[in-house]
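See below for the structure under consideration.
The values are calculated or read from the model by the stated rules, or taken from the named source; none is laboratory data. Bear in mind the structure is a predicted one, so any value in this text is a computation, not a measurement. When we count neighbours, we look across all protein chains shown, and the Cβ atoms used for this are built from the backbone with ideal geometry, even at glycine.
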Amino acid sequence: METLILISLITLLLGIVIGYFVRQVVVRNQVKSAEQKIKTQIEEAKTKAKEIVLDAKDKAAAILAEAQKEERERKKELSAFEQRLNRREELLNQKLTETETKNRTLEENIKRVKEIKEKVEELRLETKKELERVAQLTIEEARQELFAQLEKTHQQEIADLLRRMEKEKRDELDKESFKILETTIQRLSRSVSSEITTSVFTIDDEELKGKIIGREGRNIRALERLTGVDILIDEAPDAITLSSFDPLRRELAKIALEKLIKDGRIQPAKIEEKVEEAKKELNEKIKEAGENAAFELGILDLPKEIVYLLGRLNYRTSYGQNVLQHSIEAAHLAKMIAAELNANVEVAKKGALLHDIGKAIDHEVEGTHVELGRKILQKYGISEEIIKAIEPHHEDYPFETPESYIVAAAEAISASRPGARRDSLENYLKRLENLEKIALSFDGVQKAYAVQAGRELRIFVIPEKIDDFGALNLAKQIATRIHDELNYPGEIKVNVIRETRAVEYAR
């Protein structure tokens with residue numbers, strides 16, 4: 001048993017020893033193989049390195065050759081540029097030398113010319129003196145005598161020639177002006193409607209007339225007092241007539257009546273409320289009328305205050321002609337005339353539109369509408385060209401620009417169209433305006449309305465300033481002044497109204 005164990009141990013040891021030697025042999029072979037591969041790779045790397053170096057040398061040599069070639073070309077270019085510069089410098093020097101020579105020659109010529117001119121002047125003076133001595137006349141006297149002889153000899157021919165030229169020129173200008181005006185008038189087609197002094201308000205129910213009159217006439221009196229309009233109830237069926245020379249008042253009364261009838265409650269307190277609402281609505285209508293007029297003419301740069309005043313002209317008449325429609329028509333005419341004459345179309349158009357702007361306030365402010373219009377336009381920064389164009393349209397100012405003639409012509413054409421204006425109506429309206437102006441000129445007068453076609457002047461006074469006795473005295477003073485200053489048929493009733501109100505609120 002022990003022998004077997006010993007044999008097994010010996011066999012195991014032999015196997016280990018043999019395995020170790022076999023492994024050493026294999027490792028040596030692998031090492032040798034690896035060394036061989038490394039040597040091979042090193043040789044290949046050396047070969048590639050030599051090839052890379054050779055390629056780099058070739059490329060470097062090519063780059064160097066290219067650089068040397070470029071350098072030679074640049075040297076040639078620089079040499080050629082330098083040669084051109086040298087040639088230019090030579091040419092400049094040559095021209096400079098020639099210029100200096102010419103300048104010297106020119107200076108010498110100028111000097112000789114001055115000397116010659118001095119000699120010529122001396123000779124001229126000597127000749128003049130000699131001629132004056134021989135003729136015993138100065139040059140001016142000789143000229144005047146020559147002209148006098150020519151004028152005497154050909155006086156009739158010159159006069160005939162001047163008259164003929166003047167007549168031909170005048171005929172030519174007349175033909176051209178008539179042609180322009182005829183073309184302009186034919187191109188403008190607008191309706192002509194004369195304003196009147198009454199407006200008709202239509203109602204659906206006759207019973208409304210009783211409500212409008214009120215108990216003992218208190219409603220109609222309140223409405224007439226607040227609006228300054230005569231309200232005629234029984235003139236026509238289903239209609240109420242509003243009578244006033246002022247279209248603004250008629251429109252105010254019409255709007256107030258519409259609001260009252262729509263509301264249904266017609267009483268003095270409600271009338272005051274609706275009249276105030278009507279005033280606001282009327283202001284909006286005035287603004288809209290001005291904006292529509294400016295928009296129709298393509299004028300979009302006017303201040304809003306000027307546009308509002310334009311709208312007020314829609315409720316103003318001149319000899320029965322609506323002033324806003326007249327201004328719009330004149331603006332269209334001025335635009336066409338200015339285009340025909342190659343004048344400033346915008347200035348002529350704006351000037352014609354604004355030429356009567358002063359009439360929007362001439363009821364409230366003293367002065368002619370031309371002067372008031374000029375001040376208004378200056379206040380709101382309208383250009384001086386436009387102001388100069390409107391100033392002379394009634395010949396209060398001189399005509400300074402072509403556009404001023406055009407505005408005056410356009411205004412005259414619009415006003416003189418058949419049916420556009422009525423003189424008698426304007427005189428009647430002026431008399432009513434003067435009645436109100438006389439009343440408003442007295443201290444303590446709050447409102448004044450000319451009603452009943454001018455047969456009555458209704459005056460409302462401030463009760464704190466004028467007592468009952470003062471009201472009687474005021475009526476007498478106003479009646480005396482009307483008698484002294486105005487011409488009128490029949491008689492005028494001066495009605496002074498003093499009304500005291502006590503108002504308190506229960507809270």
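Set side by side, the residues Glu305, Glu288, Glu281, Glu273 differ, and just one is loosely packed, with under 13 Cβ neighbours inside 10 Å and acidic (Asp, Glu), which is Glu305. When the range 230-254 is limited to residues that are of a type in the set (A, V, I, L, M) and modelled with pLDDT of 85 or more, the one that is nearest to the chain's Cα centre (by Cα) turns out to be Leu252. Among the residues of the range 457-500, those that are charged (D, E, K, R) and either surrounded by fewer than 16 Cβ atoms within 10 Å (Cβ to Cβ) or closer than 12 Å to Ala439 by Cα (or both) comprise Arg458, Glu464, Lys465, Asp467, Asp468, Lys476, Arg481, Asp484, Glu485, Glu491, Lys493, Glu499. Of the residues Ile271, Ile220, the single one that is closer than 19 Å to Leu457 by Cα and assigned to a helix (DSSP H, G or I) is Ile220. When only residues in the range 315-358 that are modelled with pLDDT of 85 or more and among the charged types (D, E, K, R) count, which is farthest from Leu432 (Cα to Cα)? The extreme case among them is Glu346. Scanning the range 473-498 for residues that are part of a helix (DSSP H, G or I), basic (Lys, Arg) and either in contact with a Leu (Cβ under 7 Å, 6 or more places away or on another chain) or closer than 20 Å to Lys430 by Cα (or both) gives a single hit, Arg481.
Among the residues of the range 303-316, those that are under 14 Å from the mean Cα position of the chain (by Cα) and without any contact (Cβ under 8 Å) to a residue 40 or more places away in the chain comprise Lys304, Val307.
Confirm whether Glu385 is assigned to a loop (DSSP other than H, G, I, E, B), of a type in the set (D, E, K, R) and modelled with pLDDT of 85 or more. No, not satisfied.
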